[in-house]
Amino acid sequence: MPEAPALRIQGLRHAYAGQPVLALDSLHLAPGEQCLLLGPSGSGKTTLLHAIAGLLRPTAGEIQVRGQDLAALGSAARDRFRGRHIGIVFQRLHLLPALTVLDNLRLAQRLGGRPADTTAALGLLDALGLAGLAARKPAALSTGQAQRVAIARALVQRPALLLADEPTSSLDDANAQRGLRLLRSQAQAAGAALLLVSHDARLRGQFDRELRLDGPA
C-alpha cells in the first residue's frame, strides 16, 4: 500500500466575519518533500499554517496530515495529533522564558503525548550546535541560537510535517541563508516534509518546488 501523503489539502477556504482571507484549491506534499510557498502580506499564509496545524477550523475544505482528516478529530485528539506529527517554527519563536532550552524540548515531547526523552532532546541539541546551552533560558540566547532552539523544539518528535512561518524575514542575508540551510537539512534528517511560507523574495529558486499564494480573489 502506498504511503499516505504528508499533507493533502483540497478546496480550502477561510473567512473572518464573512471576509475571505484564504483560498487554496489544492496542495499535496509527499513524505520528505520540501516546498516554498510565497505570497505577499495579507495573502493568508499564516492562516494557512494555523489551519494545517489544527489551530483553527477552516470555513471550507479538507486537510489531511498522514491520511488523518483533522476535522474528524476532537479538540484534545487534535492537540495530541499535532504534538506527535506536526512541527511548527513560528515567526515569533514562542520559547517559554521560564524554562531552560532542554525543558522547552522536553515539554514539546510531553505535549505530544509521549514521555520526555532527555537523550533524544540532547542529541538534537548537539546536532544543532547547542549542546552547551541546554541549561540556559531563552533570554540568555542570541537571536540565531533561539532560532535553532525553535527548530529543535519543532523536530524533537520527528514529525511527519514541518511548518515554518517567515523564518528568515527578520534576518540579514547571511543569517537568512544559514537559517534556511539549517531548517532544510534538519527536516531532511528527520524525514519530515517541509512547508515554508514567506514573502521573502531572497528564497526564490532554492526549493525544488515553489508555489504562490495570492489570497482570495
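Taking the conditions (1) part of a helix (DSSP H, G or I); (2) of a type outside the set (S, T, Y); (3) within 15 Å of the chain's Cα centre (by Cα) in turn, L55 satisfies each one other than (1).
Just a yes or no: is a residue in the stretch 15-28 in contact with a helix residue (DSSP H, G or I) (Cβ under 9 Å, 6 or more places away or on another chain), modelled with pLDDT of 90 or more, closer than 14 Å to L195 by Cα and not in a strand (DSSP E or B)? So far as the stretch 15-28 goes, no, none of its residues is in contact with a helix residue (DSSP H, G or I) (Cβ under 9 Å, 6 or more places away or on another chain), modelled with pLDDT of 90 or more, closer than 14 Å to L195 by Cα and not in a strand (DSSP E or B). Consider G112 carefully, then state whether it is within 18 Å of the chain's Cα centre (by Cα) and over 29 Å from D172 (Cα atoms). Yes: the conditions hold for G112.
If you go through the stretch 45-69 and keep only what is open to solvent by 60 Å² or more (accessible area, probe 1.4 Å) and of a type in the set (S, T, N, Q), you end up with just T59. Condition first: in a strand (DSSP E or B) and either surrounded by 15 or more Cβ atoms within 10 Å (Cβ to Cβ) or touching an Asp or Glu at 6+ places or on another chain (Cβ under 6 Å) (or both). Now tell me which residues in the stretch 4-14 satisfy that. Once the filter is applied, which keeps residues that are in a strand (DSSP E or B) and either surrounded by 15 or more Cβ atoms within 10 Å (Cβ to Cβ) or touching an Asp or Glu at 6+ places or on another chain (Cβ under 6 Å) (or both), the stretch 4-14 yields L7, R8, I9, Q10, L12, R13, H14.
Here's the yes/no breakdown for (1) open to solvent by 60 Å² or more (accessible area, probe 1.4 Å); (2) charged (D, E, K, R); (3) part of a helix (DSSP H, G or I); (4) modelled with pLDDT under 90:
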position: R84; (1), (2), (3), (4): yes, yes, yes, yes
position: G87; (1), (2), (3), (4): no, no, no, no
position: R92; (1), (2), (3), (4): yes, yes, no, yes
position: L95; (1), (2), (3), (4): no, no, no, no
position: L99; (1), (2), (3), (4): no, no, no, no
position: N104; (1), (2), (3), (4): no, no, yes, no
position: Q109; (1), (2), (3), (4): no, no, yes, yes
position: G113; (1), (2), (3), (4): no, no, no, yes
position: T119; (1), (2), (3), (4): yes, no, yes, no
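The values are calculated or read from the model by the stated rules, or taken from the named source; none is laboratory data. This structure is a prediction, so every number in the text was calculated from the model and none was measured. Here Cβ is always computed from backbone atoms with ideal geometry, including for glycine, and neighbour counts include all displayed protein chains. Calculation scope for accessible area: heavy atoms of the full protein, side chains included, ligands and nucleic acids excluded. Shrake-Rupley method; radii C 1.70, N 1.55, O 1.52, S 1.80 Å.
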